[in-house]
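Notes for the one structure printed next.
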Amino acid sequence: MTPAIELVDVHKDFGGTPIIRGVSLAIEAGTRQALIGPNGAGKSTLFNLITGKHAVSRGRIRLKGEDITGLRPYAINRRGLSRSFQVTNIFPWLSVLENVRCSVLWALGYRYSFWQRVERARDVQERADAVLEQLNLTARRHVPAGVLSYAEQRALEIGITIAGGADVILLDEPTSGMSRSETEQVVQLIREVTAGKTLVMVEHDMSVVFDLADRIAVLVYGEVIAHDTPERIRASAAVQEAYLGVPQTTG
Amino acid sequence: MSAPAPATTRHVEVAATASWTHRLRRLGVWLAAGALLLALPHVVRNPVAVPVMNQMGIAVVFALSYNMLLGQGGMLSFGHAVYFGLGGFIAAHVLNLAGPGGLYLPVPVLPLVGGLGGLLFAALFGSFSTRRAGTVFAMISLGVGELIAASSLIFDGFFGGEEGVTTNRTRAPLLLGLEFTTDRQVYYLIAGWALVAAALMYSFSRTPVGRMANAVRDNAERAEFVGYSARWVRFVSFCAAGFFAGVAGGLFAINYEILTAENLGLNASGAVLLMTYIGGIGYFVGPILGAVVFTFLQSMLSDYTGIWLLYLGIMFLATVLFVPAGLAGLIAMHLPAWRAGRLRTLAAPYALTALVALVTAAGVIGLLELVHFVVSTSPSRTTMRLFWMTVPARTLAPWLGFAAAAAAGALGVRWAAPRAAAAFAAASRPPGAP
Ligand SMILES: Nc1ncnc2c1ncn2[C@@H]1O[C@H](COP(=O)(O)OP(=O)(O)O)[C@@H](O)[C@H]1O
Ligand SMILES: [Mg+2]
């Protein structure tokens, strides 16, 4: 089966400093995977390369078997890949409802049309209502997104990402800065909205990682040092050493 | 996260009925606007009012088109008059081709010609200027404005040199026997076009690309990650804005029967920015209010004083500093108090603030007019008319008087304004709140 995402010897330098140093990785379609690694390892940068925010310095990236290296973010999104951001990235002056509507327009085929009204488009309405319900933001639909609480904004961030119905989803630290109970809610939400899809998720909370992921990739200093099942990652001495910075001495 | 099903259905129903009444109310607003426009020339009896209203109608269309860029799309343009002016010139030339034995082109469709002209040039210049927003876009708009202003001095055949291009609307063939000889007949044409153009521009803002224009304004990066090219969204908005600016230019050509290089210059571009901002860029009605007030002040003030541009400039500064949401924002701000039935509690503190503000304004205006008089008239003239008074401008007394008024008024404002603000805050509190 063709992988959902395939990276082949991907490199990225920023001003001559190598940040991603030869990553080859295949993400099997229909799986939930976690990307872990210490701060500054290049996890967000890797997302930026896959989604077209930054151009690779070297290497190829394929989405569902098609080469997407060098495509613009919107072109990649139209092929069914959607992402969220580590730092909340929403439309602050638009209402919550508008935020979600804008995220479904292209996917529903409205493109750049200026001959029909959004509020009369039933499919847009229904999809947006369903997403708001899923996010638990129905009551807040008419509030400008910029005034939502932090946890609500993080939920909307996920909502914008999944509303279009992309089948490959990249989430960058969706639970960062959240309380225990908020984290549990978000994990539940992620589980719901990514059922049957491919998910790659950067996450620091190990209980979330081991709870959700079918496979785990470990990125350290721009290199993938391991890509395996949670059990084997947990047991791997190399991962323990590189990731936690302490050699594993006792068992 | 999983609400019970009945709650969900009920919510959708509520939303559906809300949009129904919403639609009816919106239709009512448009009908009322149409009725008002029909009635206006009968209500306002002053004969000089009709030309001013014609000018307002043209300005309304122009300002609304400008706000498609600034308010809706987040594009600050310093050269929007280019599309107004070029549309107008093209309309004037086409009108000159019309007439007996010439082109069959009745006057009422001429604004469409202007619009297509504006659209053509917007597509041309927009193709590279919409690549980026922000400073880059603003600089390119300025550059294009300069380019076209310079071209108007070079291409005499098209721009008519110093005298501009004149035309004659009475030579065009008639449509349904409609004649356009008097200002009043032209008024109805402008009013009709303004209403249609406003409705179309409003509709545009509700379409997928219009909604995405707001999204790109807010966060161009995120828009690209939900499938939209920010550049294309800006380009479509830019073309639409150019089209309606051209419609306004076509109306101008019909109304004044002359276009000069001034109409597409930087002053005209600055004026539309000013009036749109004063009206409020965050609201659809903002540019309408701004265009009406700006045109009114412009035509009134220019009768009374030679430094009216200075006053409009001060008004613009005051808007930017104190009411960045503009006139429309000022009105919208008071809706909560109005709904709570507490507007009356604001009357006294507002009246007091207005009074002292007026005293300040009178003092400042007096001083400015004195300065203007002293520097612009020969020393032999010693008295001037000011506020229904004859003032000995070259003595100390009026200067001291106006300075005292300005100072006293300013102190009064400092005392009264916080009280008005407190009254506003109290009146705006939601009804249930303590
Ligand atoms: N646009 C950029 N320009 C320069 N350096 C960058 C840029 N983006 C990321 N980096 C650098 O790349 C490294 C990896 O960053 P990042 O991918 O955000 O790490 P992670 O998400 O794993 O914490 C950091 O040292 C960061 O400073
Ligand atoms: Mg990161």
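The values are calculated or read from the model by the stated rules, or taken from the named source; none is laboratory data. Keep in mind the model is a prediction, meaning the values are calculated, not measured. Cβ: placed from backbone, ideal geometry, glycine included. Neighbour counts: every protein chain shown. Note: areas computed on protein heavy atoms with side chains; ligands, DNA, RNA excluded. Shrake-Rupley method; radii C 1.70, N 1.55, O 1.52, S 1.80 Å.
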What number of residues within region A:99-111 satisfy the criterion of being among the charged types (D, E, K, R) and either assigned to a loop (DSSP other than H, G, I, E, B) or free of Cβ contacts under 8 Å to residues at least 12 places away in the same chain (or both)?
1
Looking at (1) away from chain B (no Cβ under 14 Å); (2) in a helix (DSSP H, G or I); (3) under 30 Å from A:Ser57 (Cβ atoms), which is the one condition that is false for A:Glu157?
(1)
Can you name the residue in region A:14-49 that is more than 18 Å from the chain's Cα centre (by Cα), small (Gly, Ala, Ser) and farther than 20 Å from A:Gly65 by Cα and is also least open to solvent (accessible area, probe 1.4 Å) among such residues?
A:Gly16
Only one residue in A:Arg58, A:Arg72 is more than 10 Å from ligand 1 (Cβ to nearest atom), within 14 Å of another protein chain (Cβ to nearest Cβ) and surrounded by fewer than 23 Cβ atoms within 10 Å (Cβ to Cβ), so which one is that?
A:Arg72
Before we move on, is A:Leu148 hydrophobic (A, V, I, L, M, F, W, C), surrounded by fewer than 23 Cβ atoms within 10 Å (Cβ to Cβ) and within 12 Å of chain B (Cβ to nearest Cβ)?
no
Assess whether A:Leu25 counts as being modelled with pLDDT of 95 or more and within 16 Å of ligand 1 (Cβ to nearest atom).
yes
Single match in B:Val371, B:Val356 (criterion: part of a helix (DSSP H, G or I) and open to solvent by 60 Å² or more (accessible area, probe 1.4 Å))
B:Val371
With respect to the numbered conditions (1) at the interface with another protein chain (Cβ under 7 Å from one of its Cβ atoms); (2) assigned to a helix (DSSP H, G or I), which one is the sole condition not fulfilled by A:Phe114?
(2)
Is one or more of the residues making up region A:69-90 under 21 Å from A:His142 (Cβ atoms), of a type in the set (Val, Ile, Thr) and under 17 Å from the mean Cα position of the chain (by Cα)?
yes
Of the residues in region A:75-86, how many are within 11 Å of chain B (Cβ to nearest Cβ), in a loop (DSSP other than H, G, I, E, B) and open to solvent by 70 Å² or more (accessible area, probe 1.4 Å)?
1
Among the numbered criteria (1) small (Gly, Ala, Ser); (2) out of contact with any Pro (no Cβ under 9 Å at 6 or more places or on another chain); (3) outside any loop (DSSP other than H, G, I, E, B); (4) within 30 Å of B:Gly306 (Cβ to Cβ), which one does B:Gly366 miss?
(2)
Only one of B:Val82, B:Val60, B:Val52 is in the same structural domain as B:Ala213 (by TED's automatic domain parsing), part of a helix (DSSP H, G or I), over 22 Å from B:Tyr283 (Cα atoms) and open to solvent by 10 Å² or more (accessible area, probe 1.4 Å), namely B:Val52
Of all residues making up region B:297-306, the number that are part of a helix (DSSP H, G or I) and surrounded by fewer than 16 Cβ atoms within 10 Å (Cβ to Cβ)
4
Out of the helices (runs of 4 or more DSSP H) lying entirely within region B:96-159, which hold 1 or more residues that are in contact with a Lys or Arg (Cβ under 6 Å, 6 or more places away or on another chain)?
none
Restricting to region A:165-208, and then to whatever is among the β-branched types (Val, Ile, Thr) and under 27 Å from A:Gly65 (Cα atoms), can you tell me which residue is nearest to ligand 1 (Cβ to nearest atom)?
A:Val202
Checking the condition away from every other protein chain (no Cβ under 11 Å), in contact with an Asp or Glu (Cβ under 7 Å, 6 or more places away or on another chain) and not polar (S, T, N, Q), which residue from B:Arg211, B:Arg206, B:Arg184, B:Arg169 passes?
B:Arg169
Tell me whether region B:233-254 contains one or more residues that are at the interface with chain A (Cβ under 10 Å from one of its Cβ atoms) and either touching a Lys or Arg at 6+ places or on another chain (Cβ under 8 Å) or open to solvent by 30 Å² or more (accessible area, probe 1.4 Å) (or both).
yes
Those residues of region A:133-143 which are more than 9 Å from chain B (Cβ to nearest Cβ) and either surrounded by 21 or more Cβ atoms within 10 Å (Cβ to Cβ) or closer than 10 Å to A:Ala163 by Cα (or both), in sequence order
A:Leu137
Please find, among A:Val218, A:Val224, A:Val187, the residue that is within 16 Å of ligand 2 (Cβ to nearest atom), touching a helix residue (DSSP H, G or I) at 6+ places or on another chain (Cβ under 6 Å) and at pLDDT 95 or above.
A:Val218
Please indicate, with yes or no, whether at least one residue in region B:225-232 is surrounded by fewer than 24 Cβ atoms within 10 Å (Cβ to Cβ), within 22 Å of the chain's Cα centre (by Cα) and touching a residue at least 60 places away in the same chain (Cβ under 8 Å).
no
With the first residue restricted to region A:10-39 and required to be in a strand (DSSP E or B), and the second required to be hydroxyl-bearing (Ser, Thr, Tyr) and more than 14 Å from ligand 2 (Cβ to nearest atom), Cβ contacts under 6 Å at 6 or more apart or on different chains are A:His11/A:Ser57; A:Lys12/A:Ser57; A:Asp13/A:Ser57
